Amino acid sequence: MRRLRRFLPTTIRAQMVLLVIVAIAVVVNAGALLERLENRDYSTDSDAVVAQVELLAAMMSNIPPERRDALLESARQTGMDVFMAEAANFQNLEDAEESTGFLSLMLSLLFQARYDDSLAPGTRIIHFEGRPALLATAGQDGEAIIYIPRPSGFDITSRYTYYFLSFVTLVTLFSIFGVRAITAPIRDLSRELSSTKAFLHKDTPLKEQGSREFVELVRVLNELKLRIRAMMEGQTRMLRAVSHDLRTPLTRIRLRSERIEDDTLRGQIVADVGKVDMLINATLDYIRNEKDTEQPERTDLASMLETIVADYSDLGSDIAYDGPPRVIWTVKPHAFQRAIVNLCDNGLKFGTAVTVALRKTPSGLEIAISDNGPGIPEDVRARVLEPFFKLDDARSERGSPTGFGLGLSIVDNIVRDHGGTMSFHDNEPHGLVVVLCFSDDAPA
């Protein structure tokens, strides 16, 4: 099988051309087999019948009337369905079709048995009992030979069979080709790229298989992946180096500030140094989250959420859990717990009460963290997911520190890494509801 594949075309264009050639060969050979089974040759029927009928009409013109019946009987014994009639009693097929409407004309042109256009003088196609027949003039007295091509009913070697066989063959082959050569590689590629973080941090490259076009696409994606990883690692090294270098002067500033006699000025400088140090730690924490390599595990999310709520309650926070006692889901436990904790921290920072609700949905899972704080305006809800973006005016009514704008960015990265989505909604009568949605088929 592998040896045979070496001789097959490698491009989609060449494969489609080969597919058409194979389809033609299948139809021709299948048609020949059907004709052999019925002991007839459809491809020469029309020419042979016209020649036989015209010959019979010529013989009728040259023999006495009393011998015509015997000649007709001899012709019928050979399988020809013929009889004598007055030519004037029959209407041409084209004239009859014009009177039956456009649809019948199109069907007749496409499917009905037709003969060659080069008919001998006196020979024409007529309309007989709702179907085409052949009329050949036999003499000068207006009499003619009427030939009925075939009895009504299904003929396995008719044009219907060839049209149907051609259509089914092409559709079948193109369907197989589409699934194997196009649909399957695209589905596999989409599955690999469904999680951007997993794709970028995966050490093994994508498999270069399929047609030449897909192999080139996968090769470009693998090269792009390496370049992106190198760029991300370079930025990470730079940020770590800058953060490390900043700590030395910050330490000096803190030590020197201790010598300042003015308590107010010394306290302000120490507070500013502490904020810068916290910003460095938050940035490094955000970078570490981007490099997360934790493996997914089947986890009882209900138990996890109840534990988080209990820890906050022990510290005196007004927080409650609403949901079933047990829900098993595949997650990265530490990362997922961190996302829920960040959302609970935000809710308790800007509000006085928080509710963590867990629900199973027809398509997957939903977690809603609601608070009674000031909420987030709709026009900036998309921007709060950007790193270092802060909503000081909207969410700091209680005078709490607003942080550095990385909490929701970290949560969004964790949720997307689990194949989920995060959205913001208004709480009633006031506050914010953060909804995390995860589907059953989402990669963890």
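The values are calculated or read from the model by the stated rules, or taken from the named source; none is laboratory data. Just so it is clear, the structure is predicted and the values come from calculations on it, not from any experiment. A quick note on method: Cβ atoms are made from the backbone with ideal geometry, for glycine too, and the neighbour counts reach across all protein chains shown. Just so you know, the surface numbers come from the protein's heavy atoms only, side chains and all, with ligands and any DNA or RNA stripped out. Shrake-Rupley method; radii C 1.70, N 1.55, O 1.52, S 1.80 Å.
Figures for the structure shown
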item: Residues satisfying the stated conditions in the range 369-389, i.e. of a type outside the set (Val, Ile, Thr), in a strand (DSSP E or B) and open to solvent by less than 20 Å² (accessible area, probe 1.4 Å); result: Asp371
item: Counted residues, the range 229-271 - those being over 24 Å from Ser409 (Cα atoms), assigned to a helix (DSSP H, G or I) and without any contact (Cβ under 8 Å) to a residue 12 or more places away in the chain; result: 14
item: Residue in the range 299-310 that is surrounded by the most Cβ atoms within 10 Å (Cβ to Cβ), counting only those that are in a helix (DSSP H, G or I) and of a type in the set (Val, Ile, Thr); result: Val309
item: Residue selected from the range 354-367 under the condition in contact (Cβ under 8 Å) with a residue 40 or more places away in the chain and surrounded by fewer than 19 Cβ atoms within 10 Å (Cβ to Cβ), by the criterion nearest to Glu306 (Cα to Cα); result: Glu366
item: The range 311-334 - residue that is open to solvent by less than 40 Å² (accessible area, probe 1.4 Å), under 23 Å from Arg416 (Cα atoms) and among the aliphatic types (A, V, I, L, M) and, of those, farthest from the chain's Cα centre (by Cα); result: Val327
item: In the range 160-190, the residues that are among the basic types (Lys, Arg) and at pLDDT 75 or above; result: Arg187
item: Any hit, the range 273-294, residues being in a loop (DSSP other than H, G, I, E, B), under 20 Å from Ser370 (Cα atoms) and either at pLDDT below 90 or not hydroxyl-bearing (Ser, Thr, Tyr) (or both); result: no
item: Strands (runs of 3 or more DSSP E) contained entirely in the range 57-159, each with at least 2 residues that are at pLDDT 75 or above and within 30 Å of Val27 (Cβ to Cβ); result: 131-137
item: Those residues of the range 224-252 which are of a type outside the set (Lys, Arg) and surrounded by 14 or more Cβ atoms within 10 Å (Cβ to Cβ), in sequence order; result: Met232, Thr236, Leu239, Ser243, Leu246, Leu250
item: Condition met for Phe214 (at pLDDT 75 or above, of a type in the set (Phe, Trp, Tyr), in a helix (DSSP H, G or I) and within 25 Å of the chain's Cα centre (by Cα)); result: yes
